[in-house]
Structure formats: C-alpha cells, structure tokens
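We did not get these values from a lab; they are worked out from the coordinates using the rules stated. Note that this is a predicted model, so its numbers are computed, not measured. FYI the Cβ positions are ideal-geometry reconstructions off the backbone, even for glycines, and counts take in every protein chain you see.
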Amino acid sequence: MSKGRFGIHGGQYIPETLMNAVQELEAAYERYKDDPEFLAELQWLYHDYANRPSMLYYAEKMTKDLGGAKIYLKREDLNHTGAHKINNVLGQCLLAQRMGKKHVIAETGAGQHGVATATVAALLGMECTVYMGAEDTKRQALNVFRMELLGAKVVPVTTGTATLKDAVNEALRVWTARVEDTYYVIGSVMGPHPYPEMVREFQKVIGREVKAQLLEREGRLPDALLACVGGGSNAMGLFYDFIPDKTVRLIGVEAAGRGIDTPETAATIACGSEGIFHGMKSLFLQDQYGQIAPVYSLSAGLDYPGIGPEHAYLHDIGRADYVAATDQEAVDAFLYLSRTEGIIPAIESAHAVAYAMKLAPTLPKDKILVVNLSGRGDKDVAAIARYLGRDLHE
Amino acid sequence: MNKLAAALQGKKVFAPFITAGDPDLETTKKLILAMAEAGASLVELGIPFSDPMAEGPVIQAADLRALAGGCTTDKVFAMIAEVRKETDIPLVFLTYANPIFHYGTDRFYRRCAEVGVDGTIVPDVPYEERAELDGACAKYGVDRIVMIAPTSEDRIQMLAREAKGYIYIVSSLGVTGVRSEITTDIASIYQKIRSVTDTPAAVGFGIATPEQAAAMARVSDGAIVGSAIVKLCGQYGRDCVEPVAAYVRSMVDAVNHCAG
C-alpha cells in the first residue's frame with residue numbers, strides 16, 4: 001500500500017505531472033514539521049497574528065436553557081479572518097515560503113479558506129489566486145470582495161456544479177499548468193498525501209488547547225466533542241489529540257441539506273460509498289457508475305461530495321460518530337445561538353450547534369460537551385436573510 | 001512484446017481520442033470504424049467522468065454531454081462488443097480511477113478482456129498507486145498505459161521500464177487542449193525512454209495541426225490527438241463522422257511523411 005494511508009483510505013491518486021511537486025512538498029513537510037525554527041515562527045504567528053489561543057467559552061445561558069449537559073464553545077470564530085482556516089494556511093504558507101514558491105493558489109467554498117490564504121499571502125508577499133465556484137461567489141459575495149481587498153485574484157469556476165468540488169478540480173488543473181512556481185494550499189484534510197496529515201497537524205492546535213483549557217476549568221476531559229464536517233479540517237483539528245482518550249465521544253456533524261433521504265444532501269458518511277477522487281481514497285457521494293454526485297447544502301463550506309480520509313478511517317474503526325443536521329436545523333441553531341449567547345456562528349458551525357442542541361438535553365448536568373465554533377457568521381448574514389425571505393439589497 | 005506494442009511496432013503512430021457517447025454511442029461506433037478506415041493506429045476512447053481532472057474545457061464539455069445523453073460504462077462495453085464484430089483496430093480506454101474502482105476493478109478489466117479492449121489510460125493512477133490496477137490488468141491481459149510528463153525528469157526511466165502497450169508522453173504542463181506551441185524537449189524525453197525500453201512512445205496534449213503532428217512524429221513514434229477531434233464532434237454532432245475521418249486522414253498522412 002502506498003504512502004499516507006489511514007486504514008484503506010488516503011494515498012496519492014494524482015496525475016504524473018504533479019507527482020514530483022507532491023513529493024517535493026512531502027520532503028519539505030518532513031524536513032520542517034519538527035524544525036524548532038519553523039515551529040517557533042508558526043507559534044509566534046498563531047499568537048501575535050491569529051490571536052491564539054482561542055477562548056474556550058462556557059455557554060451558560062444555552063446550557064441552562066437546554067437543561068442538560070454543560071456546553072463549552074471553542075471560539076475559533078475569534079481568530080483573525082474569522083475561522084479555523086488561518087491555522088492551516090499559516091503553516092502551509094510558511095512552508096511554501098521555505099520551498100521558494102512565489103505564487104499560491106487555493107480553492108474555497110464559503111470563502112473562509114480563500115480569505116485566510118489571501119491574508120497570509122499578503123502578509124508574506126506572495127501572489128495569490130483563489131478558485132471559487134461561480135455559485136459560491138454569488139452566495140458569498142462579501143468574501144469575494146474581501147479577498148480582492150487583500151490583493152488576491154478570485155477566479156469564478158463555472159464548470160460542473162460550480163461549487164466547491166469544481167473549485168478543487170480547477171485548482172488542480174491550474175496547478176498542473178504552473179507546477180514549477182506554484183504552491184497549492186489545500187484548505188481541508190483532503191487531497192493526496194501529505195495534505196490530509198499536514199493539514200491535520202496544523203489544525204490539531206484546536207484540540208490541544210481545548211484539552212488544556214478544560215483541564216484547567218473543570219479538571220477533567222470532556223464527554224463529547226462536536227464539530228461540523230465538510231472535508232473535515234476543524235473536526236480533525238479538534239478530535240486529534242483526544243483520539244487516545246476513549247471516554248471522549250467524537251461527533252462529526254455533516255450537512256444533510258434538505259435531508260439525508262433526499263438527493264439534495266452533502267452528508268458523505270450517511271449517504272456515500274468508497275471511491276477515489278481528488279487525490280485520495282475515501283468516501284464520496286456518487287452514482288452507481290462512480291460519477292460524482294451534485295451535492296447540496298445551504299452552507300457553501302460543507303457543500304462537498306467527499307470527506308477527508310482520516311475521518312473515513314475513524315468512521316470505519318468506530319472511533320468517531322457521524323450524524324447530520326439539515327439546512328433548517330442549522331438555520332434554527334444559527335438564530336438560537338445569536339439570540340441566546342449573542343454569538344452569530346458561521347452557518348457551517350451552526351450544524352454542530354444544531355446537534356449539540358439535540359444532544360445536550362438528553363444528558364445529565366454533570367456531562368460536558370465542547371462544540372467547535374469553527375467560524376463566525378458575518379459572511380452568512382445576507383444568505384440567511386434570503387433563506388428567511390428577506391432581501392437586504394447587499 | 002505484447003499484442004498492443006506489436007501492433008504499433010515499426011510504424012509511425014497516429015492515435016485519435018474521442019469521448020464515448022458524445023453525441024451518442026451509435027455515432028461513437030461509426031467514428032471508431034471511420035477512423036480505423038482512415039488509417040488510425042489505434043483509438044483512444046474516453047469513458048465519460050463527471051470530474052475529469054486532467055482535461056481542458058473541450059473534453060470536459062464532451063464528458064458532460066455524454067453523461068447528459070445517458071452514456072454509462074455498461075453501455076460503452078456493449079457498444080465495443082458490437083464494434084469488435086467489424087474491426088480489430090486496437091482500442092484503449094481513457095478514464096479516471098473512480099469509474100473503474102466503483103464498477104469493481106476486477107469486473108471492469110474482465111469486461112475489457114471480454115469485449116476486446118487492449119489497454120487503459122488512467123491519469124489519476126500514478127506509478128505510486130499502480131497496485132490499484134496492476135493485478136487486474138495482468139490477470140486479464142489489459143495494458144496499463146504509462147504517462148510521462150514534462151515534470152517527470154528523473155522518474156522517466158523508472159516509468160518507462162515497466163511500460164506496456166505504448167507510452168503516452170505528455171507534451172506540456174497543464175490539461176488537455178489545443179496549444180499553439182509545444183516547448184518541451186520531447187527528443188530528450190524520448191531518448192531517455194529508448195535507453196530502457198522498445199515500447200513505442202507517442203506524444204499527446206496540445207496537438208491539433210498536421211504540422212504539429214509531423215513535428216512530434218519526427219522526435220517520437222507519433223502523435224495522440226483528442227481535443228481537436230472532440231471539438232469537431234461538438235461542432236457537427238451526429239454529422240461529425242465525415243469531417244473527423246477527413247481530419248484523421250490528414251493527420252495519418254502527416255505522421256507517415258514526417259521526414260519531409
């Protein structure tokens with residue numbers, strides 16, 4: 001079996017044109033991942049630039065209102081650029097800089113990864129091009145302009161379903177054309193090895209902080225961790241340090257869209273099957289001939305037909321549970337958290353909040369849940385207004 | 001030397017590519033027969049995929065047209081079983097890992113052998129993942145066609161050494177599609193290949209004109225052309241057989257008289 005496997009999942013299923021570039025990346029990652037100077041610089045940027053550690057907030061009103069388990073929110077939404085995406089981008093762009101690359105490209109769904117990449121490219125003086133499904137450029141117009149303000153070029157992708165998977169296709173195609181001077185900053189724990197492992201390594205700071213913060217506050221481990229899953233980087237980042245702690249339940253919340261019993265869903269674990277796509281073996285939503293399905297979720301960041309290979313593995317071995325929340329449940333949670341705690345969550349993160357709202361009341365008051373608030377909801381305000389039938393004339 | 005390599009040995013190769021089911025499988029069958037008649041050395045047949053990562057806009061659009069028209073892997077196999085009654089021209093599939101894997105890799109290659117497909121080109125299964133396909137390829141005697149890219153450099157000989165059928169030299173960086181100019185040093189890649197194997201090696205990606213095909217045939221064993229033909233299929237629809245046959249004749253002529 002080839003490199004970068006999580007059980008049967010993972011691997012390096014990419015065209016020959018990219019193979020040398022991926023191996024060059026692998027070598028650079030191996031060289032720098034434990035390099036004290038590299039890690040010190042990353043740590044400094046996490047702290048001084050990205051505002052880490054992010055707070056672990058006890059949501060007391062929500063806890064009392066739901067009447068069950070104690071709920072903590074991991075405030076990744078308070079990071080610079082408004083989501084967990086910056087953790088990974090800082091790591092990868094520092095690596096790209098050490099590899100001598102002058103141009104970074106990225107795919108983006110909701111726009112958060114694109115914004116984070118544009119931000120760090122500006123900081124490090126790199127040229128940046130972001131590929132975004134044309135559908136998503138409409139849903140997330142604010143983020144498109146934000147990337148442009150940061151000096152990035154945003155290319156709307158009109159092929160296929162014009163959403164996140166097509167943005168990944170296009171970024172991969174462009175990478176094959178400009179492989180020599182270009183670094184592809186993949187935004188989630190997906191793609192060919194070493195990306196799934198590398199992105200998880202740059203995101204695992206989330207779970208590591210939660211562990212220390214909760215030990216300090218409560219003197220113990222949580223009973224369950226909840227995070228939304230599209231490709232799965234915020235969930236993998238939260239889960240990773242807790243995998244050996246068998247008493248901690250790991251719960252990934254997928255986007256059910258209009259429901260997992262409808263074709264309009266993005267819930268890969270619930271509805272997908274084994275496949276090979278976007279450089280990896282994992283689970284994908286597809287038809288009987290292996291054609292990738294046109295997926296749907298209100299959330300542009302979870303609107304992806306696959307899932308990172310390490311999640312597929314955690315699912316296979318039963319270490320993590322995967323559930324799904326519908327558009328409506330996510331919107332309800334979005335409104336609920338806004339009104340109850342005064343925190344407007346990203347619509348992606350609202351999927352995890354939605355499941356916490358179901359789970360917490362079923363548990364006794366001495367149990368502790370940690371929900372990853374992976375991003376903030378400013379970018380979603382106009383889309384939620386539309387969903388609720390109001391036009392804001394943005 | 002295996003069947004496919006033997007069929008190509010000692011001649012200049014012209015290999016046209018079309019997307020199966022574009023505009024429909026009846027036309028695909030006619031195209032295969034017409035291209036064989038026009039002197040093509042083999043036919044590369046794309047099994048359409050929803051997300052063809054190595055393709056430029058022309059072939060992406062053809063894949064989507066074919067899928068929208070109801071083309072499936074089973075229907076492609078059935079069409080080839082029919083076409084095999086009328087021609088023995090070598091046939092090679094080009095598709096992606098997922099349609100093969102999801103069909104069942106063993107079942108896929110068994111069907112290839114049953115209907116008479118000689119090889120497969122799978123751009124997203126590189127050397128490092130060859131174990132994904134090699135067992136079934138060997139079991140059913142279907143060749144895994146190796147691709148060598150401008151970025152392959154010190155990998156060229158490793159890749160060429162175990163190549164079967166023929167070698168697909170990728171002319172340029174990027175995806176498939178017509179280019180005005182090919183700047184890669186094909187001659188030097190070809191020499192490195194020749195130092196380790198006799199397997200024929202032809203150049204594809206970006207070739208459209210007889211002049212380009214002749215130039216590639218001078219520095220290698222021939223030319224592979226996809227987008228320029230698929231464009232004609234898109235333009236003429238069901239009436240594409242005549243214009244494609246005429247085009248293939250001109251390209252066959254160009255590679256065979258490349259010395260001039």
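Values computed for the structure shown
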quantity: Amide H contacts of residue A:249 (H built 1.01 Å from N, under 5 Å, at least 5 apart or other chain); calculated: A:224, A:225
quantity: Semi-axis lengths (Å, descending) of the ellipsoid that matches the C-alpha gyration tensor of segment A:97-136; calculated: 21, 10, 7
quantity: Cα extents of segment A:153-256 along the three principal axes, largest first (Å); calculated: 52, 33, 23
quantity: Partner lysines for residue B:29 [C-alpha distance under 19 Å; skip if fewer than 8 residues away on the same chain]; calculated: B:75, B:85, B:231
quantity: Links that overshoot a 27 Å alpha carbon limit, given the list A:33/A:367; A:102/A:165; A:61/A:211; calculated: A:33/A:367
quantity: Where only C-alpha atoms are counted, convex hull volume of segment A:167-207 per residue in Å³; calculated: 73 Å³
quantity: Residue among A:39, A:175, A:185 farthest towards the positive dipole end of chain A, charges placed on Cβ; calculated: A:39
quantity: Extension gain from residue A:124 to residue A:245, taking 0.36 nm per residue of separation minus the Cα-Cα distance; calculated: 39.8 nm
quantity: Mean Cβ neighbour count within 10 Å, used as a protection proxy, ranking B:229-240, B:174-185, A:192-203, A:121-132 highest first; calculated: A:192-203, A:121-132, B:229-240, B:174-185
quantity: Axial C-alpha extent at least 15 Å, average Kyte-Doolittle at least 0.0 - helices from chain A (DSSP); calculated: A:85-98, A:112-124, A:164-177, A:347-359
quantity: Value at 222 nm in deg cm²/dmol, rounded to 500, when DSSP H runs of n ≥ 4 in chain B each add -39,500 (n - 2.57); calculated: -13500 deg cm²/dmol
quantity: Prolate/oblate/rounded call for chain B, Cα gyration tensor, a/c under 1.5 rounded; calculated: rounded
quantity: Shape parameters for the protein assembly as shown, alpha-carbon atoms, Rg then Dmax in Å; calculated: 25.9, 87
quantity: Estimated FRET transfer efficiency when R0 is 60 angstrom, pair residue B:219-residue A:262 (beta carbons, to 0.05); calculated: 0.65
quantity: Listed residues A:79, A:20, A:234, most fluctuating in chain A (Gaussian network, C-alpha, under 10 Å); calculated: A:20
quantity: Partner chain coverage, peptide A:159-168 - average Cβ within 10 angstrom; calculated: 2
quantity: Residue list for segment A:62-99, given a label point 7 angstrom along the Cα-to-Cβ vector of residue A:388 and an amide N cut-off under 17 Å; calculated: none
quantity: Proximal lysines to residue B:139, defined as alpha-carbon separation beneath 17 angstrom and excluding residues fewer than eight positions away on the same chain; calculated: B:3, B:164
quantity: Nonlocal amide H pairs with residue A:277, under 5 Å, H built at 1.01 Å; calculated: A:282
quantity: Under-5 Å amide H pairs with residue A:109, H placed in peptide plane, nonlocal only; calculated: A:114
quantity: Rounded, prolate or oblate (a/c below 1.5 giving rounded, otherwise prolate when a/b exceeds b/c) for segment A:65-170 by Cα gyration tensor; calculated: oblate
quantity: Overall Cα dimensions of segment A:249-333 - principal axes, largest extent first, Å; calculated: 34, 32, 21
quantity: Gyration tensor over alpha-carbon atoms, segment B:1-153, equivalent ellipsoid semi-axes in Å; calculated: 21, 20, 17
quantity: Whole-number Å³ per residue for the convex hull built on Cα positions in segment B:124-164; calculated: 68 Å³
quantity: Interatomic Cα distance distribution for segment A:177-237, bins of 5 angstrom, percent; calculated: 4, 17, 20, 19, 14, 11, 7, 4, 2, 2, 0
quantity: Chain lengthening between residue A:338 and residue A:40 when straightened (0.36 nm per residue, less Cα-Cα); calculated: 103.6 nm
quantity: 222 nm mean residue ellipticity, helices alone, for chain A (DSSP H n ≥ 4; -39,500 (n - 2.57); rounded to 500); calculated: -12500 deg cm²/dmol
quantity: Taking all pairs of distinct alpha-carbon atoms in segment A:1-145, Kirkwood radius in angstrom; calculated: 17.8 Å
quantity: Filtered trypsin sites (Lys or Arg not before Pro), segment A:90-147: DSSP coil and at most 16 other beta carbons within 10 Å; calculated: A:102
